[in-house]
Amino acid sequence: MEAFVKQIAGVLPCRDGYVRQLYRYYRKGDQFPPALYIYGQSSTGKGAILREVFRCRSAADESLRCAQLSAISCYTNKILFETIVRQLEGAELSQSNHYSTDCKLEYAKDFLAALRQRLDPAHSYVIVVRHAERLRDMAHNLLPLFLQLPEATGLNVSVVLVSSLPFEKFYTKAGLPPVMKLFVPEYTRADMQRILMNDYTPHVQGLGGQQSAPDQLWLAAITEEFHRNYVSLFLGTFWKVCRDVKELRLVAAECFPAYCEPVRDGIIPAHDSMKLWRNITKTLRAALSTMYMRLGTKTAGSGVAPDGTAWLAQNLELPYYAKYLLIAAYLASNNAAKEDRRLFMKNHGKQRKRLQAVNARAKVTEKMTTKLGPKAFNVDRLLAIFYAILDEQVGLTCNLLAQISTLVHLKLLTYASSAEGGAGGSAMLDGSATRLQCTVGMDFILQIGRMVGFNVRQYLTDFF
């Protein structure tokens, strides 16, 4: 077992306990558990380690067959059943079979019959279903069927469900069969540092690919200790903001050439980590503000302020209506709901000017709503403001709601509570319950307003 764990750790480190548990459950010659539920936060290595573990197990044991699929792409029973049977049989879609299968599995009884007839009882089978929370929106008998598949087929088959939700979210009034659960915790900072340290070789190779052979002598100063100092400084900036392994690896690879640039030019020695840190501060700040937007990094020598909101707003390619949705979200976050009628309706009635109201509007900077921070608002109010500020008539379509989800994914909007954030895109359909906040600043939204020809200040109560 230890040799197997070391083999997996060479590719995916810091998950030795997780790999040992999987090895105990799926040892050669043993009866597999009927179902295994694996859950934890996103980007904790659940799916990647499962793929690597069963790839190595299938290579060592020819009698093991594994089917790996996503409940997002297999969104109907027919697609789900046919994909499982095809992968367990070892068949592949190709031009010779016209990218189709001869079996048409519409119902659960057809699926069970195909498993009994087409699969060898002497072999062992594993079905891995990622994004298993989507199964709750499919047929009501699908999840109980998967949890009791060995009993229904008589085969040594196990179903591994992978999700970011605890299993309690799957319970129904009719109840579910018992299932083995395996929790995958988040990476610690020490684990993340070890993972980023494994990228030392590709980082150095990326530096060498940018230089000619005579100019590569300075690469001798880029040692593992130099890279370790860089990773430590990098995590000191990004660890509190992001725990996503993929994002951190991507941004670390983008910022490393800027960190090594003074060493290449002979301006700062490689052992002076403090001066190197001060030199890369602006680049890291720019990367931190554009982390989920795939805009890359800008160094100070490019002639553009790396942390300027004007540069960020101009380089962020949003659809036309998404820009208006972002403006509407900013107005909803920084205006009181009771002021919406006066701001966005033509016939809002007369308003008496009382001395008390005049004194209340004589605001100091500390009491301005734009300085106090964004307030929460629901999607219904967001859409009402969006239609009020937009000149043309637009129907409420799924594409429009998808653009709200895109703004949330880009971290321009955020859920006001973690419970709503965990619900995903389905929570967006309940416009009165889902509460959001706008995270962009005033300079950013003013630049977005200039791009679409909209005066944002005119609709902020702080500037009346």
| said: From the list Leu119, Leu105, exactly one residue is more than 20 Å from Pro177 (Cβ to Cβ) and at pLDDT below 90. Which is it? | reply: Leu105
| query | Where residues in segment 222-250 are aliphatic (A, V, I, L, M) and either at pLDDT 90 or above or over 18 Å from Thr290 (Cβ atoms) (or both), which of them is surrounded by the fewest Cβ atoms within 10 Å (Cβ to Cβ)? | reply | Leu250
| remark: When segment 372-387 is checked residue by residue, the ones that are part of a helix (DSSP H, G or I), open to solvent by 50 Å² or more (accessible area, probe 1.4 Å) and either touching a residue at least 12 places away in the same chain (Cβ under 8 Å) or over 16 Å from Thr439 (Cβ atoms) (or both) are Asp380, Ala384, Tyr387
| Looking at Ala91, Ala71, Ala48, which one is in contact with a helix residue (DSSP H, G or I) (Cβ under 8 Å, 6 or more places away or on another chain) and open to solvent by less than 70 Å² (accessible area, probe 1.4 Å)? | Ala71
| task | Please state which one of Gln31, Gln21, Gln41 is assigned to a loop (DSSP other than H, G, I, E, B), in the same structural domain as Lys169 (by the TED database) and within 19 Å of Asn156 (Cα to Cα). | result | Gln31
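Rundown of residues vs (1) at pLDDT below 90; (2) of a type in the set (A, V, I, L, M, F, W, C); (3) assigned to a helix (DSSP H, G or I), yes/no style:
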residue	(1), (2), (3)
Gln403	no, no, yes
Glu420	yes, no, yes
Gly425	yes, no, yes
Gln437	no, no, no
Val440	yes, yes, no
| request: Might you check whether a residue that is assigned to a helix (DSSP H, G or I) and at pLDDT 85 or above occurs anywhere in segment 288-296? | output: no
| Under 8 Å by Cβ, and 6 or more places apart or on different chains, what pairs join a residue from segment 85-104 that is more than 24 Å from Asn156 (Cβ to Cβ) with one that is part of a helix (DSSP H, G or I)? | Leu93/Arg86; Lys104/Lys78; Lys104/Glu82; Lys104/Asp110
| query | For segment 97-166, list the helices (runs of 4 or more DSSP H) that sit wholly inside it and hold at least 2 residues that are open to solvent by 70 Å² or more (accessible area, probe 1.4 Å) and farther than 23 Å from Arg55 by Cβ; which are they? | reply | 108-118
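The values are calculated or read from the model by the stated rules, or taken from the named source; none is laboratory data. Remember, predicted model here, so these are calculated numbers, not experimental data. Positions of Cβ are generated from backbone atoms using ideal geometry, with glycine treated the same way; all protein chains shown enter the neighbour counts. Just the protein is used for accessible areas: all its heavy atoms, side chains included, with ligands, DNA and RNA removed. Shrake-Rupley method; radii C 1.70, N 1.55, O 1.52, S 1.80 Å.
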